[in-house]
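What follows is one structure encoded as structure tokens, with my remarks underneath.
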Amino acid sequence: MAGQFETAGAQHQNPSRGKPIHIARMETGLFTNRNPLHDPASWYVSKYGGYPDALLDGSNMEISNQLTIIRRYGTSRYSFAQIPNAIDRFYEWRKLDTTISVIADTLVGSYIVSNVGANTRIFTKSAGAGEGYYQGVASTLYYGDGIDLQKFIAGTGTNGVWNWGIAKPTVAPTLSITQSSSATVPWQANTVYSTMGLLVDSNGNIQQLLSVNATGTNTTQYGVTGNGQPAWNQTPGGLTNDGGHNWSNWGPIVAWTPHTVYNNASLGGTLANPCIIYDPNTKACFFTATPGNNQGTSGSSYPNFPNTIGGNIHDPSNQDSPPAVKWWYLGALKVPPPWTPSHSYTTLGGGDNSFSGIVEPVSLVNGLPSNQTVFWQINNTGSSFTSGTGGTAPPWSTTLGTQTTDNQLIWLNLGSGTRQTTHNYSQWTAQGATFSVIVDSNNNYQVCTQSGVSSSTATAGIVWSTGYNQTTIDGSVVWTCVGPKMTWAANTQWYLPSVGWFPPGGSISYGGAIILDSNNDVEGVVASGKSGGSAPAWPAFGSAAGTQTTDNAATWSLIGPFSTAGFSWTKGMSYAYSYTSRTATDIYNTTTPPDWPGPLGTPYGALTGHISTASPLATIRGGNPGATVTLRIPCSSDPQVDTITIWRTLDGGSTLFFLTEVPNIQPIGGNQQTQIVTDVSPDTVINELISAPINDQNDPPPAGFLPMAFHFERIWGAVGNFVFASGGPDVLTGNPNESFDPLDFFEFPSPVVKIVPTATGILVFTTSDVYGILGGPIFDTFFPSPMVPGVGLTHFQALDIHGGVIYMFTADRQFISLDPSGGAQRMGGPIANKLENFDSTLVYVTVHERGNDNAIYIGNGSTGWYRLNPSQFPNGTQVWSTFATITGGLGVVQSVEVAKGDHRLLYGHPGGATYVLFRDSAVYADEGTPYTCGFTMGSFNLVSPGQIAGLTFVNLRCTRVGTTPTVGFLLNETSGAFTTFPSAQAYPWEIYGATGQPATLYSNAYYFRAAGVPALAEHMQVQVSFPAEAIANEALTMTVFGVIEQQPEI
């Protein structure tokens, strides 16, 4: 290579036949995967001098950013104390307080590394555990090793270590139901107290008491039957005699329908053309008053009926004359009332028309029934009259599901009370719904509590249970006895429980009337009947539950002492519970939760707020007029669980909501404890904003789970060839990082080794291929996709990512870079023949950036590493350095940010106890032990075949530190023993003479004649060696000087 003077055109004073091969900078680096007789330059580049600086071998020397070759940095101790076992990997745990903890994983456990004191063990591995995998989220470190699944939260518990996730309860809570006084009323004389509100009407049908407010004005739970009614003529236009006066059937009261012809109310309606309608919005009736007593036709849109006395409206609204209908508000009562005896009724058109008629057979207090016809009977005599004093029994409805008004009472037809063989019967479901009831051969009511088909056995041939709440099986039907039958009586007071009627059984011991006796005890009726004129002799206070009392025709059973606690339900409900780790800010730390006597106090668990998947259900079927529900819940032995969350559905609902939370009791003497909670809370207490995690939604991570990444607010990890993810944003209740739905997974054809999050998704590296999981953030929207077929990974630590570029040592022992958007590049090509000797299951790959020290390190897991600068300054080329043999061996090597902005290349010795070490730019020895270093450059192609080079000297200029290097040469061979130059001469002689030297450099010429070897060659290699000394030995330039000697003719 020409010097700058020569390049500028300077002439030699005494031209020499010799020429230098001058290497002014070291920029090619180690390049072993090549023809040893040629540097790695392309044909084109070789025309411009090629890459003669390419290294063929060496150890412990690196290409610097100054394009020199220098002794590698040494090793110092980072940790103050040793780790007792070899380190598998490091993990930098970044926390919300902005600090970083360095975690070291070993064969036996995990340690927080300290550089000022003792290291702290946090996790201890179980037998059979493998390498530890970590994922820090905020102030929690999650951990898995194939056996253990744990988390570490500093400052909690005794050592901060807890199970990862909370195992779900496997058994349902045990429920016991105690009838309470919450549905009781004081006993009253001369009142019918019934077990189910049943009677047999004059047609042989069963009627059930549905309401005591047929008039719309009764606010009590008591209502009185009528004194009989006239036998109503239910043909429009027909007359009914009532004490010598006639009622006129003015047609049905109907719901408004469009395009319907309505008669004028002055003439009365028919079934086809009514004259009066019921509006559910105003809860009032409107009659037609079309001018000229004409009929009218309704419009297509529902009218906006007025809700004022005297109000009227045209229908359609844009017409005020026939054929439009004109509707008038009925009057002050809004709807016609039921018939009452000895009452004065005005004539129609003689004033307020709401006082001119009655409605039958059922009141409109609950709206217009959809399953039966009601009629408007009016006084059309021209003058007022007074109704009679009574008549026959009510005109009982004869159709199943229809109603009958009886003064203040409304009865519901349940069908025939006569049992039929091989007949379908329907069970009781809810208050107000129809169900099957029969009267057995003992004249007791039998209520159907399990639907089915009756047997072919005659009723008299069946042995019927006679006791209250006793059952009889009849074919596939189950009947429950509710006591003796009753018939209708006039002017009789009935009691209707506020929550209605329930058949006994299941959660209900007493489903009928419940009263409070004079001893402050609660009594439940077990035989329907009318109470006496004075109170019976009740059992003494403290008597046994079940003690019976005869009260005229009724029979009572003692339930127990009065209690104000309890609640009622009509359909049923379910309970479940979850194990919980309460947070430090839980509202019930300082506030009393429902169904518990006081605040729960300071939590003692992991403080994560996690809630396990809910337990199996305990279900109460059917309603109850008033009771308390006691739950017996097995407690958790998991130390992180300090709380039990109890869930309950709404009455008749299916979704579990938050009811309360109570303390968990840890085992005592190794024995599991039971928590007992009594629920007295109505549905209004339930928090419908918090639903229970069910169907394994909040299960712990699957067994063997290895956490590998945090992406889209989920922890991703693998078990074999399956990738699982935590619930993340899908979790509504509990900690999203501890909730793993077992169905949230992806299966791949090869074992998963590492998961890498990227800007576009996550990459899944298996032993065979690379896949992507794209989509999100809801789990059901994620999907897998092949990304890079045929590229596998066999060691978690054999991959690192920097600036979006992935660097990895593949399963087939290649070192590549992978850009998800730009493809793969085989960066290990220059030393591929060396890398193929690495065990891909042991290799470590790490990218290290610290000031002017920036490179990728590929460790073999046993002795040392190769170093690659992927973008060597100033040309941006990839430059490999010689193999670094670490004194004591090299296991893990990993770049870790140990503090804010402080990146260290940490490593440790393999095989046993080791300090945590770091690459220290201030030293050139390994823990104080110096090491040798050197490099081999070549082969230099001195001449082409047909020529012979005559070699004069090798010039080496090095930084003047430490010992001058030893230089050797190998002529005309690609391998073998090097000949060492016996001495060095300061160069140039003309400047330094025999003894001089530059002050800052070793500038030595190594003359071939001094070696005593014929200096004729076609090609050669040069080897430079430095002794074991803690010095930054550095080679700056190298020159080989010689001439071309023509080969003699043969």
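Readers should treat all values here as calculations from the given coordinates under stated rules, not as data from a laboratory. Just so it is clear, the structure is predicted and the values come from calculations on it, not from any experiment. Neighbour counts run over all protein chains shown; Cβ positions are idealised from the backbone, glycine included.
Rounded to the nearest whole angstrom, the semi-axes of the ellipsoid equivalent to region 945-1050, taken from the Cα gyration tensor as √(5λ), stand at 27, 16, 10, largest first. Simple spin-label estimate for SER975 and ASN366 gives 10.1 nm between the two label positions (7 Å along the Cα-to-Cβ direction from each Cα).
Selection among HIS22, PRO1027, VAL719 by position relative to the dipole of the chain gives HIS22 as farthest towards the positive end (Cβ unit charges, Cα centre). Residue-wise HN-Hα couplings along region 662-677, as the Karplus relation 6.51 cos²θ - 1.76 cosθ + 1.60 with θ = phi - 60° gives them from phi, are 9, x, 8, 10, 5, x, 10, x, x, 9, 5, 9, 10, 9, 10, 10 Hz; Gly and Pro carry x.
Sorting the segments 1029-1036, 90-97 by their residues' average number of neighbouring beta-carbon atoms within 10 angstrom, most packed first, yields 1029-1036, 90-97. Remark: region 561-576, residue by residue, has Karplus-estimated 3J(HN,Hα) of x, 5, 9, 7, 6, x, 8, 10, 8, 10, 10, x, 6, 10, 10, 8 Hz, where x stands for each Gly or Pro and the curve is 6.51 cos²θ - 1.76 cosθ + 1.60 at θ = phi - 60°. Peptides 296-302, 774-780 ranked from most to least packed by the mean count of surrounding Cβ atoms within 10 Å: 296-302, 774-780. Across region 257-323, the relative contact order, built from alpha-carbon pairs under 8 Å that are at least six residues apart, equals 32 percent. If you take all other residues with their beta carbon under 14 Å from the beta carbon of VAL1022, and give Lys and Arg +1 and Asp and Glu -1, the sum is -3. What net charge is computed for the residues neighbouring PRO599, neighbours being all others with C-beta under 15 Å from the C-beta of PRO599, Lys and Arg scored +1, Asp and Glu -1? That sum, taken over residues with Cβ under 15 Å, equals -3. In sequence order, region 603-619 has phi-based couplings of x, 10, x, 7, 6, 8, x, 6, 10, 6, 4, 5, 5, x, 7, 10, 10 Hz under the Karplus curve 6.51 cos²θ - 1.76 cosθ + 1.60, θ = phi - 60°, and Gly or Pro positions carry x. Near the amide H of HIS802, within less than 5 Å, lie the amide hydrogens of TYR807, all on another chain or at least 5 residues away, with H placed in the peptide plane. Per residue, the average separation of C-alpha pairs within less than 8 Å and at least 6 apart gives region 83-200 a relative contact order of 14 percent.
For region 16-127, the Cα gyration tensor yields ellipsoid semi-axes of 49, 16, 14 Å (square root of five times each eigenvalue, largest first, whole Å). Extension gain for GLN947-LEU400 works out to 184.7 nm (0.36 nm per residue, less the C-alpha to C-alpha distance).
What number comes out for the charge environment of ILE686, summing +1 per Lys or Arg and -1 per Asp or Glu over other residues with Cβ under 12 Å away? Residues close to ILE686 contribute a combined charge of -4. For a label point 7 angstrom out from the Cα of GLN188 toward its Cβ, which stretches of region 475-502 have the backbone nitrogen within less than 13 Å? Inside the label zone: 492-498. In whole angstrom, how far apart do the alpha carbon centroids of region 377-407 and region 165-198 sit? First find each Cα centre; the distance between them is then 38 Å. Calculation over all alpha carbon pairs of region 229-391 in 10 angstrom steps from 0 returns a P(r) of 12, 43, 35, 10, 1 percent. Adding -39500 (n - 2.57) for every DSSP H run of four residues or longer, then dividing by how many residues the chain holds, sets the calculated 222 nm ellipticity at -500 deg cm²/dmol.
Pairs exceeding a 22 Å alpha-carbon distance, out of LYS485/LYS571; LYS95/LYS151; LYS125/LYS151; LYS283/LYS571; LYS485/LYS530; LYS19/LYS47: LYS485/LYS571; LYS283/LYS571. The orientation-averaged projected area of the convex hull spanned by the Cα atoms of the chain comes to 68.1 nm². Residues within the reach of a label modelled at ALA138 (point 7 angstrom out along Cα to beta-carbon, backbone nitrogen below 19 Å), restricted to region 707-722, are 709-716. Placing a label point 7 Å from the Cα of VAL116 along the Cα-to-Cβ direction, the residues of region 64-80 with a backbone N closer than 16 Å are 78-80. Here each label is just a point 7 Å from Cα along the line to Cβ, and for VAL923 and SER534 those points are 10.8 nm apart. Classify region 670-822 as rounded, prolate or oblate, taking a ≥ b ≥ c as the square roots of the eigenvalues of its Cα gyration tensor: rounded when a/c is under 1.5, otherwise prolate if a/b is larger than b/c and oblate if not. Prolate, because a/c is 1.5 or more and a/b exceeds b/c.
Distant-in-sequence amide contacts of GLY74, defined by a placed amide H-H separation under 5 Å and a gap of 5 or more residues or a different chain, comprise ASP920, VAL923, TYR924, ALA925.
Spin-label pair THR158-ALA490: with each label point 7 Å from Cα along the Cα-Cβ axis, the two points sit 8.4 nm from one another. Taking other C-beta atoms within 10 angstrom as a stand-in for reagent exposure, ARG621, ARG77, ARG89 fall in the order ARG621, ARG77, ARG89, fewest first.
Once the Cβ-Cβ distance of ALA255 and ALA430 is raised to the sixth power relative to R0 = 25 Å, the FRET efficiency obtained is 0.55. A cut-off of 5 Å between modelled amide H atoms, ignoring neighbours fewer than 5 places along the same chain, links ALA284 with ASP279.
If you plug the beta carbon distance of THR98 and ASN35 into 1/(1 + (r/R0)^6) with R0 = 56 Å, you get a FRET efficiency near 0.55. Kindly identify region 530-608 as rounded, prolate or oblate by the Cα gyration tensor criterion: order the square roots of the eigenvalues as a ≥ b ≥ c, call it rounded if a/c is under 1.5, otherwise compare a/b with b/c, prolate if a/b is larger, else oblate. Prolate, because a/c is 1.5 or more and a/b exceeds b/c.
Remark: relative contact order (the chain) = 14 percent; criterion is Cα-Cα distance under 8 angstrom and separation of 6 or more residues. Taking other C-beta atoms within 10 angstrom as a stand-in for reagent exposure, MET26, MET486, MET1038 fall in the order MET486, MET1038, MET26, fewest first. Counted by neighbouring Cβ atoms within 10 Å, the residues THR240, THR608 run from fewest to most as THR240, THR608. Take the alpha-carbon centre of region 73-123, take the same for region 753-830, and report the distance between them in whole Å. Computed from Cα coordinates, the inter-centre distance equals 28 Å. Between the beta carbons of TYR302 and SER344, assuming R0 = 41 Å, the FRET efficiency works out to 0.70 to the nearest 0.05.
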